[in-house]
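*Asks:* Supplied in structure tokens, the structure appears directly below.
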Amino acid sequence: MLTDAIRAEAYRFSKNRMAVFWSVLFVPLLLLAIGTVVQLVTKARSAEMAKALPPELTAEGGPLATSGPLDLGQSLVSQAAEFANPILLLFVLIGAAIIYAGDYRWETWRLTSARNSRLNLVLGKVVIVLAVVGAALVTSLVFGLISEIIKGVIFARPFTFGFGTEQAGQFGAFVGLMVTRVMQFTMIALLAAALTRSLLAALFVPLAVAIGQFFLMQALPMFGWTPGDLHAQLLIPGMATDSLKGLIAGGADAASAPDGIAWKAALSLILWTVVPLVAAVAWFQRQDLSKE
């Protein structure tokens, strides 16, 4: 049954404490440490920075402001919008690669495949990766709020919490979009693991694909493409994510967005998530696991 596969994968992954740390805790802890150091340096050199930097950066409400209230509600929305950053994608990928390719690495497929259907075994792994992404999201939000509180304490700034209907809607939309983006990235690892039976391939193939898509995005003008073109959106899911993020945030970016960008970007993310999953399941169903 699927529930048995999920429980088994959850138990195995929970015992791999290093994988849990790198996938769920490392990035939030790293960003918290960096943020705290930056705030302390800013506090120590606030007078010099105020003279050297443009006034709009250090004025109240600016990104480097040292006075005025801190809106923790808006901070929560901003953290959700930035969840699927490259550093987090890299470290979540470590856990995903271990989950997807671990049975190949330790040659345990012949034991587990005799106790459950192959479809359930794959879906069980996908569910656990989704749980890992959810845990990473929660820890990122919690440590992000802690970082903001530390910032407020360092600069003696008061706190507010503006989280009305609009902010709640944006927060939910950003969470859904960012989780989808991270899962889409890990689906490449799943397909790579099924095709190559290699843990290293599950780790490095998604990185190679992402690097290639980054350079393709920089080369769009050379091909005469624009971000609003369907083929550009379909080839670069990261750009599709940014397009949807701009629409959710609203403002000038949303107002100037090309026509039809929402469905083009959504289609890109759906295809990059579903197609690798279906291909991995189809390949796995036909695979000889007698020696794995």
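*Asks:* With at pLDDT 95 or above and part of a helix (DSSP H, G or I) as the only criterion, which of ALA265, ALA252 stands out?
*Replies:* ALA265
*Asks:* Let me ask another. Going through the stretch 276-292 one residue at a time, which ones are part of a helix (DSSP H, G or I) and either in contact (Cβ under 8 Å) with a residue 12 or more places away in the chain or in contact with a His (Cβ under 7 Å, 6 or more places away or on another chain) (or both)?
*Replies:* PRO276, LEU277, ALA279, ALA280, VAL281, TRP283, PHE284, GLN285
*Asks:* Follow-up question, since we're still on this one. Among the helices (runs of 4 or more DSSP H) contained in the stretch 16-86, which hold 1 or more residues that are modelled with pLDDT under 85 and open to solvent by less than 50 Å² (accessible area, probe 1.4 Å)?
*Replies:* 26-44, 46-52, 55-58
*Asks:* Give the stretch 150-203 a look and list any residue that's farther than 30 Å from LYS125 by Cβ, of a type in the set (Gly, Ala, Ser), outside any helix (DSSP H, G or I) and touching a helix residue (DSSP H, G or I) at 6+ places or on another chain (Cβ under 9 Å), or say none.
*Replies:* Listed by number, the residues that qualify are GLY162, GLY164.
*Asks:* If you don't mind, another one. Just give me the residues in the stretch 98-129 being within 15 Å of ILE6 (Cα to Cα) and assigned to a loop (DSSP other than H, G, I, E, B), in sequence order.
*Replies:* SER113, ARG115, ASN116, SER117
*Asks:* Could you tell me which of the residues LEU111, LEU89 is in contact with a helix residue (DSSP H, G or I) (Cβ under 9 Å, 6 or more places away or on another chain) and either modelled with pLDDT under 95 or open to solvent by 30 Å² or more (accessible area, probe 1.4 Å) (or both)?
*Replies:* Selected residue: LEU111, the only one of LEU111, LEU89 that is in contact with a helix residue (DSSP H, G or I) (Cβ under 9 Å, 6 or more places away or on another chain) and either modelled with pLDDT under 95 or open to solvent by 30 Å² or more (accessible area, probe 1.4 Å) (or both).
*Asks:* Could you run through the stretch 141-181 and say how many residues are touching a Phe, Trp or Tyr at 6+ places or on another chain (Cβ under 7 Å) and without any contact (Cβ under 8 Å) to a residue 60 or more places away in the chain?
*Replies:* Adding up the residues that qualify gives 0.
*Asks:* Looking at (1) among the β-branched types (Val, Ile, Thr); (2) open to solvent by 30 Å² or more (accessible area, probe 1.4 Å); (3) closer than 26 Å to SER268 by Cα; (4) under 16 Å from the mean Cα position of the chain (by Cα), which is the one condition that is false for VAL142?
*Replies:* For VAL142, the exception is condition (3).
The values are calculated or read from the model by the stated rules, or taken from the named source; none is laboratory data. Since this is a predicted model, take the numbers as computed values, not measurements. Cβ: placed from backbone, ideal geometry, glycine included. Neighbour counts: every protein chain shown. To get the accessible areas, we keep the full protein, side chains included, count just its heavy atoms, and leave off ligands, DNA and RNA. Shrake-Rupley method; radii C 1.70, N 1.55, O 1.52, S 1.80 Å.
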